[in-house]
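Everything on this sheet refers to the single structure shown next.
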Amino acid sequence: MRKRQESPRLVVMDHGHHQRDTPHAHHHDHAGEGHAHGETDEAGLAEILDLDGEVLHAYLDDVVGWVAGATGPDVQRVVDLGAGTGTGTLALARRFPAAQVVAVDASATMLSRLSAAATDADLGDRVRTVCADLDAGWPGLADLDLAWAALSLHHVADPGRLLGQVHDALRPGGLLAVTEMTSASRFLPDDLGVGRPGLELRCHAALDAQPAPFDRYPDWDEALERAGFVTVERRTFSVTPPQPEPATARYARSYLSRLRPRLADDLAADDLATLDLLLDDTSPHGLLRRGDLRVQGSRTGWLARRV
């Protein structure tokens, strides 16, 4: 086992605005909005992040296992960049029982929820939080074994600069794991029993045609290479749960509720009316009353090593 330096001092960067006022809040948003605006929206984002972890836990286990296979067992220092409410942070802490895991996010509210979840999971002694805007600078971390950026890298204003900072913060041989959505998640059957068939396909087509398409990101291979990394592996993962999950309907409702404002000017009136029926908890067609929902989608992961 290699000899360790003393733990670096964690720098908590407070720029007076954090998540609510900056366009680059770096926790991930699975409904394609990327950042929150105010307490109500932030609460909705926190809900969807928690539901993502609850419904897609099998996918998360697969990705963390993939990462663990490349790092080996001697992982002691981990950072989760854009940690949100901490589903990834806690999964990493469980997988690497000797590691100290630092969760970095621009939202103090998200990090408060994360700290509470870590305490509830008896992981509070190994999980620390840093409230930092990654566009403003690197938060004083060094000698890392593993950096994790799940659905967050494309929200950064200058990904190349951040990748260079991550590279320098990793120890030689350290690993960066990046994941992104390959496509927007799907939940609905083609024929809903109300409205025209194919609603979800039309929703996705409308999002793709917008000036700021759904969670668009580049192929990170070149950016990783420019930052000095050697790409170890790239893999696509299915997020479809192997069996139905009890929280799927709540996840679908939270997800589609966040998309509804973005679709208001781009869907036909009858499609908007159908979507509103699905989001109406009092409707017999409401998502929370349906038993035919299933999450479908995929995410791409990159493993890159500092040599």
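The values are calculated or read from the model by the stated rules, or taken from the named source; none is laboratory data. Treat the numbers as computed from the prediction; the structure is a model and nothing was measured. For neighbour counting, all protein chains shown are included, and Cβ atoms are generated from backbone atoms with ideal geometry for every residue, glycine included.
Step by step: first the residues of region 205-243, then only those that are in contact with an Asp or Glu (Cβ under 8 Å, 6 or more places away or on another chain), farther than 17 Å from Leu267 by Cα and outside any strand (DSSP E or B), then the one that is modelled with the highest pLDDT. Which residue is that?
Applying the filter and picking the extreme gives Trp220.
Report the residue count in region 249-307 for those that are under 30 Å from Leu163 (Cα atoms), surrounded by fewer than 18 Cβ atoms within 10 Å (Cβ to Cβ) and among the hydrophobic types (A, V, I, L, M, F, W, C).
Going through region 249-307 one residue at a time, the tally reaches 1.
Of the residues Ala132, Ala157, Ala149, Ala184, which single one is of a type outside the set (Asp, Glu), out of contact with any Leu (no Cβ under 6 Å at 6 or more places or on another chain) and within 15 Å of Asp80 (Cα to Cα)?
Ala132
Hey, can you tell me all the residues within region 248-274 that are in a helix (DSSP H, G or I), hydrophobic (A, V, I, L, M, F, W, C) and touching a residue at least 40 places away in the same chain (Cβ under 8 Å)?
Those that are in a helix (DSSP H, G or I), hydrophobic (A, V, I, L, M, F, W, C) and touching a residue at least 40 places away in the same chain (Cβ under 8 Å): Ala249, Ala252, Leu256, Leu259, Leu263, Ala273.
Have a look at Leu163, Leu144, Leu111 and point out the one that is under 20 Å from Leu303 (Cβ atoms) and out of contact with any Lys or Arg (no Cβ under 6 Å at 6 or more places or on another chain).
The unique qualifying residue is Leu163.
Name the residues in region 27-71 that are modelled with pLDDT of 85 or more, of a type in the set (A, V, I, L, M) and more than 17 Å from Ala177 (Cα to Cα), would you?
Passing the criteria: Ala43, Leu45, Ala46, Ile48, Leu49, Leu51, Val55, Leu56, Ala58.
State whether the residues of region 237-245 include one that is under 19 Å from Ser298 (Cβ atoms), polar (S, T, N, Q), in contact with a Lys or Arg (Cβ under 9 Å, 6 or more places away or on another chain) and surrounded by fewer than 19 Cβ atoms within 10 Å (Cβ to Cβ).
Yes.
Among the numbered criteria (1) within 30 Å of Gly286 (Cα to Cα); (2) surrounded by fewer than 13 Cβ atoms within 10 Å (Cβ to Cβ), which single criterion is violated by Asp219?
So Asp219 meets the others, but not (1).
Taking Val75 as the residue in question, decide whether it is in contact with a Phe, Trp or Tyr (Cβ under 6 Å, 6 or more places away or on another chain) and touching a residue at least 40 places away in the same chain (Cβ under 8 Å).
yes
What number of residues within region 283-298 are over 30 Å from Arg235 (Cα atoms), assigned to a loop (DSSP other than H, G, I, E, B) and touching a helix residue (DSSP H, G or I) at 6+ places or on another chain (Cβ under 7 Å)?
Residues flagged as over 30 Å from Arg235 (Cα atoms), assigned to a loop (DSSP other than H, G, I, E, B) and touching a helix residue (DSSP H, G or I) at 6+ places or on another chain (Cβ under 7 Å) within region 283-298 amount to 4.
Filtering region 90-114 down to residues that are touching a strand residue (DSSP E or B) at 6+ places or on another chain (Cβ under 6 Å) and among the small types (Gly, Ala, Ser), which residue is surrounded by the most Cβ atoms within 10 Å (Cβ to Cβ)?
Among those residues, the one meeting the criterion is Ala103.
Tell me, please, whether a residue that is surrounded by fewer than 19 Cβ atoms within 10 Å (Cβ to Cβ) and among the aliphatic types (A, V, I, L, M) can be found in region 227-236.
Checked against the condition, which is being surrounded by fewer than 19 Cβ atoms within 10 Å (Cβ to Cβ) and among the aliphatic types (A, V, I, L, M), region 227-236 yields at least one hit.
Considering only residues that are hydrophobic (A, V, I, L, M, F, W, C), surrounded by 18 or more Cβ atoms within 10 Å (Cβ to Cβ) and not in a loop (DSSP other than H, G, I, E, B), which ones fall in region 115-155?
Residues satisfying the conditions are Ala117, Ala118, Val127, Val130, Cys131, Leu144, Leu146, Ala147, Trp148, Ala149, Ala150, Leu153.
Any residue at all in region 186-204 that is part of a helix (DSSP H, G or I), closer than 27 Å to Asp41 by Cβ and at pLDDT below 95?
yes
What are the pairs, 6+ residues apart or on separate chains, where a residue within region 143-163 that is farther than 20 Å from Arg305 by Cβ has its Cβ under 6 Å from a residue that is aromatic (Phe, Trp, Tyr)?
Listed by first residue and then by second, the contacts come to His154/Tyr217.
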